[in-house]
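Comments concern the structure below.
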Amino acid sequence: MRIILASASPRRKELLEQIGLEFEIKVSHVQESMTATEPGKIVEELSEQKARAVLESLENEKDVLVIGADTIVAFGNSILGKPSSVKHAAEMLEWLSGNTHEVYTGVTVYYRMSEGVLSCKTFHEMTKVSFYPMTEGEISEYVATKDCMDKAGAYGIQGFCARYIKGIEGDYNNVVGLPVGRLYQEIKEWLD
């Protein structure tokens, strides 16, 4: 079976490697569009668009499994994606400082079997993350690392920002970008 990760995220790549899957990367260049308004449904919708675009690029190739994923941060009534600027990143961190927010990752897996039958599973996981309060200087110091610029909510839990994480409730890997435990449980029947 050919397994393809429809993501350029180095963190998702590392997580899949950790659970022993052999896969290749094929980035989806689909123009994302959201119709959903609930965080869980948004990430499911976006992950499905990415996975479908890569599957379609493979035409009718059989015995192929495509994994698409998308992560967002929800705080209050706001959805925090990747920051558009350093200033935007600092604003996001000010909001998260001293508060608890939710991280949602949606995953879609398409499996086109050797007989040509197509199966699809889509799900999302949610993890609550609590931050310690951050001073203006600490926010500036973190933003200066540029680690925040390619991450939803303007932070990476696995890097420098770990010093500000008070606690989590749920799957740590979900916050990194891919709930690999749940993913494996969803696809293991296809891997045999």
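The values are calculated or read from the model by the stated rules, or taken from the named source; none is laboratory data. Keep in mind the model is a prediction, meaning the values are calculated, not measured. When we count neighbours, we look across all protein chains shown, and the Cβ atoms used for this are built from the backbone with ideal geometry, even at glycine.
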Quiz prompt | Tally, over the range 150-183, of residues that are in contact with a Lys or Arg (Cβ under 9 Å, 6 or more places away or on another chain), without any contact (Cβ under 8 Å) to a residue 40 or more places away in the chain and among the basic types (Lys, Arg) | solution = 0
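Kindly indicate the residue of the range 160-184 that is among the hydrophobic types (A, V, I, L, M, F, W, C) and under 18 Å from Ser130 (Cβ atoms) and also surrounded by the most Cβ atoms within 10 Å (Cβ to Cβ) among those meeting that condition. Even if it seems obvious, please write down each step before you answer.
Of the range 160-184, the ones among the hydrophobic types (A, V, I, L, M, F, W, C) are 160-162, 165, 168, 175-176, 178, 180, 183.
Then keep just the ones that are under 18 Å from Ser130 (Cβ atoms); that gives 160-162, 165, 168, 175-176.
Details: Phe160: 13, Cys161: 22, Ala162: 10, Ile165: 16, Ile168: 16, Val175: 28, Val176: 23.
So, considering only residues that are among the hydrophobic types (A, V, I, L, M, F, W, C) and under 18 Å from Ser130 (Cβ atoms), the one surrounded by the most Cβ atoms within 10 Å (Cβ to Cβ) is Val175.
Would you be able to say whether some residue in the range 22-35 is touching a residue at least 60 places away in the same chain (Cβ under 8 Å) and either closer than 16 Å to Glu125 by Cα or among the β-branched types (Val, Ile, Thr) (or both)? Spell out the reasoning first.
Of the range 22-35, the ones touching a residue at least 60 places away in the same chain (Cβ under 8 Å) are none.
No - not one qualifying residue is present in the range 22-35.
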Quiz item: Applying the selection to the range 18-43, what residues are loosely packed, with under 14 Cβ neighbours inside 10 Å, within 17 Å of the chain's Cα centre (by Cα) and under 16 Å from Pro179 (Cα atoms)?
Solution: Gln18, Ile19
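On the given criteria, is Ile157 under 15 Å from the mean Cα position of the chain (by Cα), closer than 22 Å to Gly76 by Cα and crowded, with 18+ Cβ neighbours inside 10 Å? So that I can check it myself, show each step before the final result.
Numbers: under 15 Å from the mean Cα position of the chain (by Cα): yes; closer than 22 Å to Gly76 by Cα: yes; crowded, with 18+ Cβ neighbours inside 10 Å: yes.
Yes; evaluated as a whole, the condition is true for this residue.
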Quiz prompt | Tally of residues being of a type in the set (Val, Ile, Thr), modelled with pLDDT of 95 or more, under 28 Å from Ser28 (Cα atoms) and surrounded by fewer than 19 Cβ atoms within 10 Å (Cβ to Cβ) across the range 87-134 | solution = 1
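Residue-wise test of (1) surrounded by fewer than 14 Cβ atoms within 10 Å (Cβ to Cβ); (2) under 18 Å from the mean Cα position of the chain (by Cα); (3) assigned to a strand (DSSP E or B).
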| site | (1), (2), (3) |
| --- | --- |
| Ser7 | no, yes, no |
| Leu16 | no, yes, no |
| Glu45 | no, yes, no |
| Gln49 | no, yes, no |
| Arg52 | no, yes, no |
| Leu55 | no, no, no |
| Thr71 | no, yes, yes |
Exercise. Please identify the pairs in which a residue from the range 94-112 that is on the phi > 0 side of the Ramachandran plot has its Cβ atom under 8 Å from the Cβ atom of a residue that is in a strand (DSSP E or B), counting only partners at least 6 apart or on another chain.
Key: Gly98/Phe131
Exercise. May I ask you to verify whether Met134 is touching a residue at least 12 places away in the same chain (Cβ under 8 Å), under 18 Å from the mean Cα position of the chain (by Cα) and over 25 Å from Leu55 (Cα atoms)?
Key: no
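Can you report the number of residues in the range 123-147 which are over 14 Å from Gly98 (Cβ atoms), of a type in the set (Val, Ile, Thr) and out of contact with any Gly (no Cβ under 6 Å at 6 or more places or on another chain)? Show your work before the answer.
Going residue by residue through the range 123-147, those that are over 14 Å from Gly98 (Cβ atoms) are 123-128, 137, 140-147.
Next cut, of a type in the set (Val, Ile, Thr) only: 127, 143, 145.
Filter once more, so that each one left must be out of contact with any Gly (no Cβ under 6 Å at 6 or more places or on another chain): 143, 145.
Within the range 123-147, residues that are over 14 Å from Gly98 (Cβ atoms), of a type in the set (Val, Ile, Thr) and out of contact with any Gly (no Cβ under 6 Å at 6 or more places or on another chain) number 2.
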